[in-house]
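Report on the structure given below.
No value in this document is a laboratory result; all are computed from the given coordinates. Since the model is a prediction, treat every value here as computed from it, not as a measurement. All Cβ positions, even for glycine, are placed from backbone atoms using ideal geometry, and neighbour counts span all protein chains on display.
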Amino acid sequence: MNKYPSTSEKTEENENTIDYQICKRKLDRERYNLGKHLAEHCRTEYPKIVNYCLWLLAEVAVIAADIPEVIGTAAALQILFHIPIWAGVLITGLNTFLLLGLQRYGVRKLELLLATMVFLMAASYIAELAYAKPKVSQVFTGMFIPKLSGNGATGAAIALIGALLSP
């Protein structure tokens, strides 16, 4: 037996230790996590045509996620204020651009505006409950055994589901 093991024998010994495995994993993570997000990694790793395809797919996914929200908002405006759907879509688009434009004044001011809107919705809901004075038993029955009755109830239910689930 040789008194001094060769380099390859030392390497094989070291590869079996837990410390080696932990260090190897950390190095692998650091090699791939260089402070870049996924799009930057894709830009460096893939050819141009693949990057264009990935960009197009991302845009289609964003549009597909936003269309139900815009149409749901337009339907809600139509139900509440009898605004035509096309006008509701325009109002929703203008609202989106307004919020994007407010970002230049700082995130905190935008957060304050959104918190005010949420508070206004909660206050409106509480005021509506105080005005309607529903019976608690009927509220709980409606929560567990839903029933649609009246003209346009199905459309209102679909718009409500879209408005609640899409965001």
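Distance between the modelled labels on Leu57 and Thr44, one decimal in nanometres: 2.1 nm (7 Å Cα→Cβ projection).
Across segment 122-139, computed HN-Hα scalar couplings (Karplus, 6.51 cos²θ - 1.76 cosθ + 1.60, θ = phi - 60°) run 5, 5, 5, 5, 5, 5, 5, 5, 5, 6, 6, 6, x, 6, 4, 5, 5, 5 Hz from first to last residue, x flagging Gly and Pro. Rounded to whole numbers, the Karplus 3J(HN,Hα) couplings from phi for segment 143-158 are 5, 9, 10, x, 9, 9, 9, x, 5, x, 5, 5, x, 5, 5, 5 Hz, using 6.51 cos²θ - 1.76 cosθ + 1.60 with θ = phi - 60°, and x at Gly and Pro.
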